[in-house]
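Working notes, structure below.
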Amino acid sequence: MKRLDLFGLLKKDMNFIEEELYRSIDSREPLINDTSLHLLKAGGKRLRPVFVLLGGKFGEYDLDKLKRIAVPLELIHSASLVHDDVIDDAELRRGQPTVKSKWDNRVAMYTGDYIYARALSIAAGLPNPDIHRVLSKALVQMSIGEMEQIRDFFNVDQSVRNYLLRIRRKTALLIAVSCQLGAMAAGAQEKVNSLLYSYGYNVGMAFQIQDDLLDLCGTEKKIGKPPGSDMRQGNITLPVIYALEQPELRDDLLAEIRRIQDGDGQGDAREAVDMIKKSEGITKAEILADRYINKALNALDLLPDVKTKKTLRDIAHFVTRRSY
């Protein structure tokens, strides 16, 4: 399912946001220009801007206001990916070389910093202080989530609860505030803002769980990186945690994970991936993702009955059915 097929209702406005994204990071410094554009050119689902615009449909829809939320949130997401690739020593992102692999770590870190700064300068154009409080709080939580992921690299004893807290901070919060801030910028009622936050949070949780499933079950062509990349980088995800809970599998899987760790993440993860795919971990993770989607749909049912609800419902169903 392609982005424009799913979000055809917003095609014209999303094309405008896409142009604004490129315009927002334009720089007279050639190196910053090249590196900042590199990830944007690789594409992406642009879920966060879409959620901002859809949230705006619950109030007075003003694209000029909404772009000052939609563009910064996508830039913040992009900057976090540039930094993630340095931390994870990742060579590919969306099937393309990462900024750190095409240039180097220092260039990648400063590129991420530049994109963050551009995001905040654009958002500063909105006068509502509540919007800035929500955004800054989300950024703080994202940073904590990043540190938690580093702390838990190759931690095979982490709990499901630890994993859920981490993805809440790293992924779900930014999607939640995308929905919320779009409505806030459009002057929607507080109850609507809160319900959209709940919808976005639960969709975001399911989205990350599905991402972690695709890392194990997807193909390199579809996901743009070799299966098992998360494990090679030390990121122990939900299906792995569930698989490690099976006594008959735990020792063999631990041995494979240690072998990957001893090879500094460069080893072949195929054996470990095969074990996890045959375990209960995949099914249990899928069940949890579906549970979050059901919570998102419950929040959606309580929102005002506008045309946009169908698109939000389609997105929720898309999240756990996607193959990329």
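The values are calculated or read from the model by the stated rules, or taken from the named source; none is laboratory data. This one's a predicted model, so the numbers in the text were calculated from it and none came from an experiment. A quick note on method: Cβ atoms are made from the backbone with ideal geometry, for glycine too, and the neighbour counts reach across all protein chains shown. Accessible surface is based on the protein model in full, side chains and every heavy atom, while ligands, DNA and RNA are left aside. Shrake-Rupley method; radii C 1.70, N 1.55, O 1.52, S 1.80 Å.
Where the second residue is open to solvent by 40 Å² or more (accessible area, probe 1.4 Å) and the first is touching a residue at least 60 places away in the same chain (Cβ under 8 Å) and lies in the stretch 61-72, which pairs have Cβ atoms under 6 Å and are six or more apart or on separate chains?
Here the result reads Arg68/Gly125, each pair linking the stretch 61-72 to a residue that is open to solvent by 40 Å² or more (accessible area, probe 1.4 Å).
Any residue at all in the stretch 145-160 that is closer than 30 Å to Lys284 by Cβ, without any contact (Cβ under 8 Å) to a residue 60 or more places away in the chain and basic (Lys, Arg)?
Here is the first cut: in the stretch 145-160, the ones closer than 30 Å to Lys284 by Cβ are 145-160.
Checking which are without any contact (Cβ under 8 Å) to a residue 60 or more places away in the chain leaves us with 145, 147-148, 151, 157.
Now narrow it down to the ones that are basic (Lys, Arg): 151.
Yes, the conditions are met somewhere in the stretch 145-160.
Scan (1) open to solvent by 50 Å² or more (accessible area, probe 1.4 Å); (2) in contact with a helix residue (DSSP H, G or I) (Cβ under 9 Å, 6 or more places away or on another chain); (3) acidic (Asp, Glu); (4) in a helix (DSSP H, G or I) for the single condition Asp268 breaks and write down its number.
So the condition that Asp268 fails would be (4).
Count, please, the residues in the stretch 114-133 that happen to be under 20 Å from the mean Cα position of the chain (by Cα) and surrounded by fewer than 18 Cβ atoms within 10 Å (Cβ to Cβ).
Residues flagged as under 20 Å from the mean Cα position of the chain (by Cα) and surrounded by fewer than 18 Cβ atoms within 10 Å (Cβ to Cβ) within the stretch 114-133 amount to 2.
May I ask you to say which residue of Ile287, Ile293 is outside any loop (DSSP other than H, G, I, E, B) and over 17 Å from the mean Cα position of the chain (by Cα)? It would help to see each step written out before you state the result.
Numbers: Ile293 fails: over 17 Å from the mean Cα position of the chain (by Cα).
Going through Ile287, Ile293 in turn, the sole match is Ile287.
Among (1) part of a loop (DSSP other than H, G, I, E, B); (2) buried (at least 23 other Cβ atoms within 10 Å of the Cβ); (3) modelled with pLDDT under 85, there is one condition Phe58 misses while meeting the rest; what is its number?
(3)
Let me confirm something: among Asp314, Asp301, which residue is in contact with a helix residue (DSSP H, G or I) (Cβ under 9 Å, 6 or more places away or on another chain), open to solvent by 80 Å² or more (accessible area, probe 1.4 Å) and of a type outside the set (Phe, Trp, Tyr)? It would help to see each step written out before you state the result.
On the way: Asp314 fails: open to solvent by 80 Å² or more (accessible area, probe 1.4 Å).
The conditions single out Asp301.
Can you list the helices (runs of 4 or more DSSP H) lying wholly within the stretch 154-250 that have 3 or more residues being open to solvent by 10 Å² or more (accessible area, probe 1.4 Å) and aromatic (Phe, Trp, Tyr)?
Numbers: elements: 160-167, 173-185, 190-217, 220-223, 229-232, 238-244.
Result: 190-217.
Residue pairs, Cβ under 8 Å, 6 or more apart or interchain, first in the stretch 28-52 and outside any helix (DSSP H, G or I), second open to solvent by 10 Å² or more (accessible area, probe 1.4 Å) and polar (S, T, N, Q). List them.
Ala42/Gln96
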